1. Taking the simple approach of a point 7 Å from Cα along Cα-to-Cβ for both Arg7 and Ala36, what is their distance in nm?
2. With every protein chain present, what is the per residue accessible area of the chain (1.4 Å probe, Å²)?
3. Roughly what angle does helix 44-57 make with the longest principal axis of the chain, taking Cα atoms, 0 to 90 degrees, to the nearest 10?
4. Once you keep just the Cα pairs under 8 angstrom separated by 6 or more residues, what percentage relative contact order results for the chain?
5. Report the Rg/Rh value for the chain, based on alpha-carbon coordinates and the Kirkwood definition of Rh.
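The values are calculated or read from the model by the stated rules, or taken from the named source; none is laboratory data. From a predicted model like this one, the values you see are computed outputs, not experimental measurements. Please note: Cβ atoms are built from the backbone with ideal geometry, for glycine as well, and neighbour counts cover all protein chains shown. For the accessible areas, the whole protein counts, side chains as well, though only heavy atoms, and no ligand, DNA or RNA atoms are used. Shrake-Rupley method; radii C 1.70, N 1.55, O 1.52, S 1.80 Å.
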Amino acid sequence: MNVARQRFSENQNFDFITEDYSRKFPDGNFDLICSALSIHHMEDSDKQLLYNLVFEKLTDKGCFINLESSSGLKGV
């Protein structure tokens, strides 16, 4: 987040909001929603609820970025 804040510090179109989406989702609609390394921990039913909420919160041309990682190796 610090790198992104620094990179876009000159652009007044960016607001950075950090929340725990399992507890509270910010009010309003968004052009960009990002998640990193967390959704895979959720139960499938909770993932579906979250995805529905995310897409309800996106503007018409908004984008959802879900960054996950998988090694594909057992025991790693």
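1. 0.9 nm
2. That works out to 86 Å² per residue.
3. The two axes meet at around 10 degrees.
4. 34 percent
5. Expressed as Rg/Rh, it is 1.01.
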